[in-house]
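Colleague: Got a structure for you, questions after.
The values are calculated or read from the model by the stated rules, or taken from the named source; none is laboratory data. Quantities reported herein were computed from a predicted structural model and do not represent experimental measurements. When we count neighbours, we look across all protein chains shown, and the Cβ atoms used for this are built from the backbone with ideal geometry, even at glycine.
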Amino acid sequence: MGVLEFQRKFGEFQHQAQREPVEITHHGRREYVLLSADHYNWLRAGAGSGQGSSRLSRRGQ
């Protein structure tokens with residue numbers, strides 16, 4: 001899905017992201033991934049178990 005489609009259908013993709021990560025592309029390349037806070041927390045917890053938690057940064061805080 002491209003950036004323009006994402007902007008037009010943001011609400012739909014919010015609901016989809018509750019079930020699975022949503023990849024957002026730009027010029028055919030993955031640029032972003034939208035995922036639920038629960039999934040993000042799960043990834044952060046796994047990254048903190050010795051796999052380099054600095055790879056996942058907290059944004060907007």
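Colleague: Out of the residues in the stretch 22-47 meeting the condition of being of a type in the set (D, E, K, R) and under 21 Å from PHE10 (Cβ atoms), tell me which one is farthest from the chain's Cα centre (by Cα).
Modeller: The selected residue is ARG29.
Colleague: Applying the selection to the stretch 1-28, what residues are in a strand (DSSP E or B) and either in contact with a Phe, Trp or Tyr (Cβ under 9 Å, 6 or more places away or on another chain) or among the aliphatic types (A, V, I, L, M) (or both)?
Modeller: Of everything in the stretch 1-28, those that are in a strand (DSSP E or B) and either in contact with a Phe, Trp or Tyr (Cβ under 9 Å, 6 or more places away or on another chain) or among the aliphatic types (A, V, I, L, M) (or both) turn out to be VAL22, GLU23, ILE24, THR25, HIS26.
Colleague: Taking the stretch 29-51, which residues are modelled with pLDDT under 90 and either part of a loop (DSSP other than H, G, I, E, B) or β-branched (Val, Ile, Thr) (or both)?
Modeller: GLY48, SER49, GLY50, GLN51
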